[in-house]
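The values are calculated or read from the model by the stated rules, or taken from the named source; none is laboratory data. Model, not experiment: these values are computed from the prediction. Cβ atoms come from the backbone with ideal geometry, glycine included; neighbour counts cover every protein chain shown.
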Amino acid sequence: MKLVVVAVGRLKAEYAKLGCQLFFDRAQRAIPLRLIETRDAHRRRGLSPDKCKEAEADLLLGAVPDGATIIALDERGREWSSREFAQWMGNRRDDGVSSLAFLVGGPDGLHPRVRKKAHRVWSLGAMTLPHEMARLVLSEQIYRATTLLAGAPYHRD
């Protein structure tokens with residue numbers, strides 16, 4: 001099984017760049033993982049947040065590999081514990097799913113069309129996170145899931 005993270009925009013904060021790279025590098029030892037960064041909408045041109053989300057939705061969905069199971073990260077989604085997420089990911093792998101695509105929106109969030117197209121909508125928690133922090137948390141949770149599935153000692157209950 002392959003994983004792809006499709007995210008709006010490039011990371012600007014140094015902590016997010018370093019943290020995401022660290023966890024991506026670690027996770028790639030166990031599973032193929034790729035990052036696709038799509039262009040963000042040009043908010044300076046006076047586009048409304050809804051128009052920005054609509055434009056970003058086209059780019060996000062267009063970058064998803066054919067046949068991938070889509071997981072949209074959104075505050076309205078279901079919360080998973082780290083163990084639940086790892087078990088779900090392992091079940092997809094065992095069921096022969098070829099790829100999982102995690103979609104991370106921009107500063108305005110995801111367009112409803114992205115949530116509707118997703119097979120799962122996952123919330124990282126009740127608090128609102130900046131999209132850069134959401135990418136960092138996602139990267140760490142992917143790495144944590146790979147260690148749980150491998151029986152490695154990273155995760156502690």
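Within the stretch 53-74, is even one residue free of Cβ contacts under 8 Å to residues at least 60 places away in the same chain, farther than 14 Å from Leu138 by Cα, of a type in the set (Gly, Ala, Ser) and exposed (fewer than 15 other Cβ atoms within 10 Å of the Cβ)?
Yes, the stretch 53-74 contains a residue that is free of Cβ contacts under 8 Å to residues at least 60 places away in the same chain, farther than 14 Å from Leu138 by Cα, of a type in the set (Gly, Ala, Ser) and exposed (fewer than 15 other Cβ atoms within 10 Å of the Cβ).
I'd like to check something: does the stretch 76-83 contain any residue that is of a type outside the set (Phe, Trp, Tyr), touching a strand residue (DSSP E or B) at 6+ places or on another chain (Cβ under 7 Å) and surrounded by 13 or more Cβ atoms within 10 Å (Cβ to Cβ)?
yes
Given the options Gly9, Gly46, name the one that is at positive phi and free of Cβ contacts under 8 Å to residues at least 40 places away in the same chain.
Gly46
Which of (1) touching a residue at least 12 places away in the same chain (Cβ under 8 Å); (2) under 18 Å from the mean Cα position of the chain (by Cα) does Lys17 not meet, given it meets every other one?
Unmet for Lys17, out of (1) touching a residue at least 12 places away in the same chain (Cβ under 8 Å); (2) under 18 Å from the mean Cα position of the chain (by Cα): (1).
Of all residues in the stretch 99-156, which are part of a loop (DSSP other than H, G, I, E, B) and without any contact (Cβ under 8 Å) to a residue 24 or more places away in the chain?
Those that are part of a loop (DSSP other than H, G, I, E, B) and without any contact (Cβ under 8 Å) to a residue 24 or more places away in the chain: Met127, Leu129, Pro130, Gly151, Ala152, Pro153, Tyr154, Arg156.
His119 passes all but one of (1) at pLDDT 95 or above; (2) surrounded by 16 or more Cβ atoms within 10 Å (Cβ to Cβ); which number fails?
Answer for His119: the failing condition is (2).
Taking Arg34, is it among the basic types (Lys, Arg), in contact with a Phe, Trp or Tyr (Cβ under 7 Å, 6 or more places away or on another chain) and surrounded by fewer than 18 Cβ atoms within 10 Å (Cβ to Cβ)?
no
Tell me which residues, restricted to the stretch 3-32, are basic (Lys, Arg) and in a loop (DSSP other than H, G, I, E, B).
Hits for the stretch 3-32 are Arg10, Lys12, Arg29.
Which members of the stretch 66-83 meet the condition of being of a type outside the set (A, V, I, L, M, F, W, C) and more than 24 Å from Lys51 (Cα to Cα)?
Hits for the stretch 66-83 are Asp66, Gly67, Thr69, Arg78, Glu79, Ser81, Ser82, Arg83.
Those residues that are of a type in the set (A, V, I, L, M, F, W, C), in contact with an Asp or Glu (Cβ under 7 Å, 6 or more places away or on another chain) and at pLDDT below 95, I need them from the stretch 9-55; list them, please.
Across the stretch 9-55, the qualifying residues are Leu11, Ala13, Ala41, Cys52.
Any residue at all in the stretch 84-103 that's within 12 Å of the chain's Cα centre (by Cα) and within 23 Å of Pro49 (Cα to Cα)?
Yes, the conditions are met somewhere in the stretch 84-103.
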